[in-house]
Amino acid sequence: MDPAELSPDDILPLLDAGGLRLRYQPIVRLTDRGVVGFEALARLEHPTRGTLPPRDFVPQLESHGHGWTLFTHVLTAALDEWHSVFAAEDRLTLSLNTPLDVLRDPLLPDLLRSGCARIAIPANLLVLELTETQAVPDADLLTRPLTALRRLGVALAVDDILPVTREPGGLLGLPFATLKLDKRVVREAADSASARAFITSSLNIGHAVGMQVVAEGVEDAAIWDRMAGLGCDQAQGFFIARPLPAAAIGLWRDVWSAG
């Protein structure tokens with residue numbers, strides 16, 4: 001291990017001590033700029049290194065079997081902040097990155113149910129995002145846990161779709177509601193016919209089964225216009241907003257709505 005790399009023994013006490021910080025990145029419709037929801041993104045406060053990005057602590061926890069611990073911390077903090085910022089009638093979704101082992105855990109539906117009940121928000125405002133680059137087993141092994149989550153009302157998204165992972169058609173038959181195109185293929189679409197073809201294929205596959213398709217990495221007006229022209233439904237990226245602390249969401253919404 002790189003001497004500069006933190007171990008779970010370094011990270012877990014920071015979580016337990018309240019070192020988790022969340023930032024929220026908006027997801028909006030490309031047709032009318034309407035706000036759909038926000039993705040919660042984890043940060044960690046370290047006493048000497050300052051604020052750590054996800055790459056400096058999330059892989060270390062997940063690769064050592066602590067994905068559930070991290071997820072429960074994120075879920076609890078996100079629901080608490082969500083409750084303080086929004087009313088349930090806002091109908092804005094809260095998206096959470098969810099590792100495969102957590103998504104398959106039979107205790108997950110009860111955890112989500114109790115968390116939503118605690119702050120009185122409907123479970124159908126939650127979106128769990130599975131990173132597509134993770135090793136996904138035979139689809140049949142995912143059918144039961146994903147169906148249980150959908151029965152609860154939780155929406156499911158598959159994140160970071162890229163040509164080098166696999167065509168999203170391999171996910172047909174699973175109850176995903178959303179496909180999220182990785183920012184790399186979104187950026188490459190300006191100059192790459194193959195990237196544009198992949199996006200078009202993903203759109204055709206997703207729309208055929210009623211999925212929404214989100215373009216990540218929308219960093220300027222040109223990318224926004226390109227993704228809208230290709231037929232993407234929603235967008236996320238720095239052109240819309242950088243990840244925000246919960247306290248800044250209200251002001252951002254006012255500015256964004258003013259156009």
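List pairs: first residue in the stretch 158-179 and modelled with pLDDT of 70 or more and aromatic (Phe, Trp, Tyr), second residue in a loop (DSSP other than H, G, I, E, B) and crowded, with 17+ Cβ neighbours inside 10 Å anywhere in the structure, Cβ distance under 8 angstrom, at least six positions apart or on different chains.
Cβ pairs passing all conditions: Phe176/Met211.
Identify, from the list Thr131, Thr98, Thr69, the residue that is polar (S, T, N, Q) and either farther than 20 Å from Asp159 by Cα or in contact (Cβ under 8 Å) with a residue 60 or more places away in the chain (or both).
Thr69
Of the residues Ile199, Ile223, only one is crowded, with 19+ Cβ neighbours inside 10 Å, within 28 Å of Asp90 (Cβ to Cβ) and modelled with pLDDT of 95 or more; which?
Every option except Ile223 fails the conditions.
If Thr31 satisfies all but one of (1) farther than 20 Å from Leu130 by Cα; (2) surrounded by 11 or more Cβ atoms within 10 Å (Cβ to Cβ); (3) in contact (Cβ under 8 Å) with a residue 60 or more places away in the chain, what's the number of the condition it fails?
Tallying (1) farther than 20 Å from Leu130 by Cα; (2) surrounded by 11 or more Cβ atoms within 10 Å (Cβ to Cβ); (3) in contact (Cβ under 8 Å) with a residue 60 or more places away in the chain, Thr31 fails exactly one: (2).
Listed here are the residues, each with its yes/no results for (1) at pLDDT below 95; (2) in contact with a Phe, Trp or Tyr (Cβ under 9 Å, 6 or more places away or on another chain).
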site: His83; (1), (2): yes, no
site: Arg91; (1), (2): yes, no
site: Leu94; (1), (2): no, yes
site: Asp101; (1), (2): yes, yes
site: Ser114; (1), (2): no, no
site: Ile121; (1), (2): yes, yes
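Closer than 16 Å to Thr31 by Cα, out of contact with any helix residue (DSSP H, G or I) (no Cβ under 7 Å at 6 or more places or on another chain) and surrounded by fewer than 20 Cβ atoms within 10 Å (Cβ to Cβ): which single residue out of Ala248, Ala228 fits that description?
Ala228
Report yes if Asp233 is surrounded by fewer than 19 Cβ atoms within 10 Å (Cβ to Cβ) and of a type in the set (Asp, Glu), otherwise no.
The answer is no for Asp233.
Gly206 - would you say it is modelled with pLDDT under 95, more than 30 Å from Ala77 (Cβ to Cβ) and crowded, with 20+ Cβ neighbours inside 10 Å?
In short, yes.
So Val85 fits all but one of (1) closer than 22 Å to Val158 by Cβ; (2) more than 15 Å from the chain's Cα centre (by Cα); what number is the exception?
(1)
Would you pick out the residues in the stretch 50-65 that are out of contact with any strand residue (DSSP E or B) (no Cβ under 7 Å at 6 or more places or on another chain), surrounded by fewer than 17 Cβ atoms within 10 Å (Cβ to Cβ) and at negative phi?
Arg55, Pro59, Ser63, His64, listed by residue number.
The values are calculated or read from the model by the stated rules, or taken from the named source; none is laboratory data. Values in this document were obtained by computation on a predicted structure and should not be read as measured data. Glycine also receives a Cβ, built like all others from the backbone with ideal geometry; neighbour counts cover every protein chain displayed.
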